[in-house]
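What follows is one structure encoded as structure tokens, with my remarks underneath.
The values are calculated or read from the model by the stated rules, or taken from the named source; none is laboratory data. Since we're looking at a predicted model, the values are computed, not measured. Cβ atoms come from the backbone with ideal geometry, glycine included; neighbour counts cover every protein chain shown.
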Amino acid sequence: MSEQLDILIFGAHADDAEIGMAGTIIKHTAAGLRVGICELTEAEMSSNGTVELRKQEAAAAAEVMGLAYRNNLQLPDRGLERSREQLDAITAEIRRCAPKIVFAPYWEDRHPDHMVCSKLVEEAVFNAKLRRYMPELPPVTVQQTYFYFINDPGPANLMVDISEHYERKIETLSCYASQFGGLGSDSDTVATPLNQGYVERVRYRDSLAGQRSMTLYAEGFVTKTPYVVDRLL
């Protein structure tokens, strides 16, 4: 069954896409586009929260962003690898959703799963258009693949102005209380980079990106393929 999305975003874990591009997601869903997110893992190795809690938080974030679709491939957290099984799972997801545009994490990041996710998605996008690869599903040609930043800033060559939707991005991140909520009084919560003022650092990053493009807030992206335009003016 095809979901027929306009945009499909992949992340290794729930909250990856929200950190990197929740404002862009909200901007496009507000314009009536069908946007979906697919996580590769259930983040079962996370220091804080549980799989069930992360599912609830992801569902709440999806509602804030206005997603048309959210899925989880249940691949092993900290076990992502370039295997035929994992590539096929991602390729099948692309074919089921038939998106025009795919987003993946930038290929350099402090979290190894983010880097592997980037490579897997890029390869699956290529596989998805090959009609003799997994012929049981019709081929899908993605028009463009973009890469978003999670933990570490990078050399963006595309900026999206998200100023109008920024507070909804913060609301989206607030759905992940188990990750970004601070230490509080819960004795089971341990200190991680995510609960040490991480959301404010994301705000600063998006503000600096906005400064580069003369806007209040922006999210940056990278594409490996050149843009094609009819004319410049």
Taking the stated definitions as given, is Asp16 acidic (Asp, Glu) and under 24 Å from Arg201 (Cβ atoms)?
yes
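Hey, can you tell me all the residues within region 143-168 that are charged (D, E, K, R) and either modelled with pLDDT of 95 or more or surrounded by 15 or more Cβ atoms within 10 Å (Cβ to Cβ) (or both)? Let's see the steps before the verdict.
Step one: list which residues in region 143-168 are charged (D, E, K, R), which gives 152, 161, 164, 167-168.
Asp161, Glu164, Glu167, Arg168 - these are the residues of region 143-168 that are charged (D, E, K, R) and either modelled with pLDDT of 95 or more or surrounded by 15 or more Cβ atoms within 10 Å (Cβ to Cβ) (or both).
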If you check Val140 against the conditions, is it buried (at least 18 other Cβ atoms within 10 Å of the Cβ), part of a loop (DSSP other than H, G, I, E, B) and touching a residue at least 24 places away in the same chain (Cβ under 8 Å)?
yes
Quick one: how many residues across region 173-213 are modelled with pLDDT of 95 or more and not in a helix (DSSP H, G or I)?
2
Within region 215-233, residues being in contact (Cβ under 8 Å) with a residue 24 or more places away in the chain and among the basic types (Lys, Arg) number 1
How about region 177-200: which of its residues are at negative phi and surrounded by 14 or more Cβ atoms within 10 Å (Cβ to Cβ)?
Ala177, Ser178, Gln179, Phe180, Gly181, Thr189, Thr192, Leu194, Asn195, Tyr198, Val199
What single numbered condition from (1) assigned to a loop (DSSP other than H, G, I, E, B); (2) out of contact with any Asp or Glu (no Cβ under 9 Å at 6 or more places or on another chain); (3) hydrophobic (A, V, I, L, M, F, W, C) fails to hold for Leu216?
(2)
Looking only at region 49-69, decide whether some residue is at pLDDT below 95 and small (Gly, Ala, Ser).
yes
Within the set of pairs 6+ apart or on separate chains, which have a first residue in region 203-214 that is under 16 Å from Ile150 (Cβ atoms), a second that is in a helix (DSSP H, G or I) and not aliphatic (A, V, I, L, M), and C-beta atoms under 9 Å apart?
Arg203/Tyr166; Arg203/Lys169; Asp206/Gly23; Asp206/Tyr166; Asp206/Lys169
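Mind checking which residues of region 157-170 are part of a loop (DSSP other than H, G, I, E, B) and either under 12 Å from Asp206 (Cα atoms) or among the basic types (Lys, Arg) (or both)?
Within region 157-170, the subset part of a loop (DSSP other than H, G, I, E, B) is 157, 162.
Ile162, the sole residue that qualifies.
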